[in-house]
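Q: First the structure, then my questions, so here it is.
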Amino acid sequence: MAFELEKTKKIIERDAEVYPGFARMPYYPLAVARGHGAILEDFDGNEFIDLLSSASALNTGHAHPRIVNAIKEQAEKYITYTAAYMYSEPLVKYAEALIGVTPGDYEKKVAYGNCGSDANDGAIKLARAYTGRKKIVSFIGAYHGSTYGALSLSAISLNMRRKIGPLLGEIEHIEYPDCYRCRYGKEPASCGLECLGALKKAMTTYMPPEDIAAVIIEPIQGDGGLIVPPNRYMKALFEMCREHGILFVSEEVQQGFGRTGKWFGIEHFDVVPDMLILGKSIGSGVPLSAIVGRKEIMDSMDAPAHLFTMSGNAMACAAAHETLEVIKDEKLIEKSANLGDYAKERFQALMEEYEIIGDVRGLGLSIGVDLVKDRKGKEGNREAAAKICYRCWEKGVIIIFLGDGVLRFQPPLVITREEIDKAIDVIEESMKEYMAGDIPDEILETAKGW
């Protein structure tokens, strides 16, 4: 260990006494004391380059001065007065701004919540209320959150589902298109969108399309391994929805607000969703979520079908509004696209040198580096990922892994090219040390992950 952890260890010991294990998937002993930009500092004064952005919730970086100031100014006026009963100018101001950046040339409205999970729940309610249908289609490998509706949409971890059923009914899961590990053994040149054929068959055998209210899809499947679907798959799915009167909902909780090099991930695919589900980076760390949808959809329920005491609170809306302004003023969307291309080029260069890297994929600063046991079999190398992430932490870089061994590269959009270079150098060093057998098995007792 290259640094002291005395104060951090004491916090972790206290944490074990009061915080339940089901609420954390640990990777290494990090207790954050402060942060600025793309840099974190623990309680012992150790600094780290952040490649996680608090699970892609801090696209504007840590403690951005303008957002901190917006929070302070609003907090000095009032923090919240429930929008469930009264009216709020910050709520209206932010909704107007948010409508201005979301895709779709149609009348929209915004509903607020407190996290991406409850926004997923709200989208289920709205889809059913508007269409009069019950079934919702989601995807294997999806993670939408931990409330009952969002949990029912998710299909990524058995531990999410054990002991707590029954879950929400009428949720159907289909396969997400994964071109790297195509279940049909196809290459791009020979692909006939066989994965979409599974949904077509379902519609003709056991799932009548007139019973389906909505398809809810992540434009990049985030926690499932940062999987990018083919453009033509997304367009074909969209057209199927249009043909059968099914709502097309883009779940942007992880991929929104410039993360992919566009305002929202779905904009890469030239389709316009009926609703967007937003969370995480919406408020730069202040709890907030939103559903943005067609006016007629958003007007299809009556109060109090989806409201919360704290949703759309003044302080969160002030932070969220300033977040949009920072993204615009600092050109973070363009920066995400450019730095994302640069980071992918660096990882692709590493892939040419190290057989352990099977695939590099992503859009903007949302990149997955897929570690494998061998390139022919494409079996994920979870042990390698765990050890490499742990060693990166020991060297001052925060990165985690997903699934069976995908490194999750999602730094704050304010990160510098120099910080990216330094972080990727550390990742390469850690890979070399893993392949040399220099990272002990003991770390696997700590690095649990997903």
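The values are calculated or read from the model by the stated rules, or taken from the named source; none is laboratory data. Everything quoted here is computed from the prediction, not taken from an experiment. No Cβ is skipped: glycine too gets one built from the backbone with ideal geometry, and neighbour counts run over all protein chains shown.
Q: Looking at LYS186, LYS163, which one is on the phi > 0 side of the Ramachandran plot, surrounded by fewer than 15 Cβ atoms within 10 Å (Cβ to Cβ) and of a type outside the set (Asp, Glu)?
A: That would be LYS163, the only listed residue that is on the phi > 0 side of the Ramachandran plot, surrounded by fewer than 15 Cβ atoms within 10 Å (Cβ to Cβ) and of a type outside the set (Asp, Glu).
Q: Could you check ALA343 against (1) in a helix (DSSP H, G or I); (2) touching a Phe, Trp or Tyr at 6+ places or on another chain (Cβ under 8 Å); (3) surrounded by fewer than 23 Cβ atoms within 10 Å (Cβ to Cβ) and say which number it fails?
A: Among (1) in a helix (DSSP H, G or I); (2) touching a Phe, Trp or Tyr at 6+ places or on another chain (Cβ under 8 Å); (3) surrounded by fewer than 23 Cβ atoms within 10 Å (Cβ to Cβ), ALA343 violates only (3).
Q: If you scan segment 8-36, which residues turn out to be basic (Lys, Arg) and modelled with pLDDT of 95 or more?
A: LYS10, ARG14, ARG34, listed by residue number.
Q: Based on what the data block shows, is ALA70 touching a residue at least 60 places away in the same chain (Cβ under 8 Å), within 29 Å of ILE420 (Cα to Cα) and in the same structural domain as GLU325 (by TED's automatic domain parsing)?
A: Here the answer is yes, as ALA70 does meet what is asked.
Q: How many residues, within segment 360-376, are out of contact with any strand residue (DSSP E or B) (no Cβ under 7 Å at 6 or more places or on another chain) and either within 13 Å of PHE401 (Cα to Cα) or of a type in the set (S, T, N, Q) (or both)?
A: Total meeting the criteria: 1.
Q: Say we look at segment 266-323 and pick out the residues that are outside any strand (DSSP E or B) and of a type in the set (S, T, N, Q); which of these is farthest from the chain's Cα centre (by Cα)? Explain how you work it out, then say what you get.
A: If we filter segment 266-323 for residues that are outside any strand (DSSP E or B), which is where we start, we get 266-274, 279-288, 295-323.
Imposing the further condition that a residue be of a type in the set (S, T, N, Q) reduces the set to 281, 284, 300, 309, 311, 313, 323.
Numbers: SER281: 9, SER284: 14, SER300: 28, THR309: 25, SER311: 20, ASN313: 23, THR323: 17 Å.
Among them, the one singled out is SER300.
Q: Please state which one of ALA142, ALA129, ALA55 is in contact with a His (Cβ under 9 Å, 6 or more places away or on another chain) and among the small types (Gly, Ala, Ser).
A: ALA142
Q: Return a yes/no flag: does segment 244-252 have any residue that is in contact (Cβ under 8 Å) with a residue 60 or more places away in the chain and of a type outside the set (A, V, I, L, M).
A: yes
Q: I'm told ARG162 meets every condition in (1) in a helix (DSSP H, G or I); (2) under 25 Å from the mean Cα position of the chain (by Cα) except one. Can you identify the failing condition by its number?
A: Of (1) in a helix (DSSP H, G or I); (2) under 25 Å from the mean Cα position of the chain (by Cα), only one is false for ARG162: (1).
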